[in-house]
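Peer 1: Input: one structure, supplied below.
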Amino acid sequence: MARAKTQRVERRTPDLLAEQLAALRELMPQIFTEGRVDADKLRETLGDFLDERPERYSFTWAG
């Protein structure tokens, strides 16, 4: 009977934020200033695609 091989699993959790920032840096390098995302440049880059409406859902407590 053949033994099934076990798969090795990466012990470290991937740094998703670093991966996402690297992808952003590749797609939109102009939004970065000193290695950080510049919110004003991001807003300028996205233009009309940025949703700046007030939040539609909220939790309020009357009492």
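The values are calculated or read from the model by the stated rules, or taken from the named source; none is laboratory data. This one's a predicted model, so the numbers in the text were calculated from it and none came from an experiment. Here the Cβ is made from the backbone with ideal geometry for all residues, glycine too, and neighbour counts use every protein chain on show.
Peer 1: From the list E34, E26, E19, which residue is at positive phi, at pLDDT 95 or above and not polar (S, T, N, Q)?
Peer 2: E34
Peer 1: Taking interchain pairs and intrachain pairs at least six residues apart, which have beta carbon atoms under 6 angstrom, with the first residue in the range 36-63 and closer than 22 Å to L17 by Cα and the second in a loop (DSSP other than H, G, I, E, B)?
Peer 2: R43/L50; T45/M28
Peer 1: Looking only at the range 2-21, count how many residues are in a loop (DSSP other than H, G, I, E, B) and surrounded by 10 or more Cβ atoms within 10 Å (Cβ to Cβ).
Peer 2: 1
Peer 1: Moving to a separate point now. How many residues does the range 22-63 contain that are part of a loop (DSSP other than H, G, I, E, B) and loosely packed, with under 10 Cβ neighbours inside 10 Å?
Peer 2: Number satisfying all stated conditions: 15.
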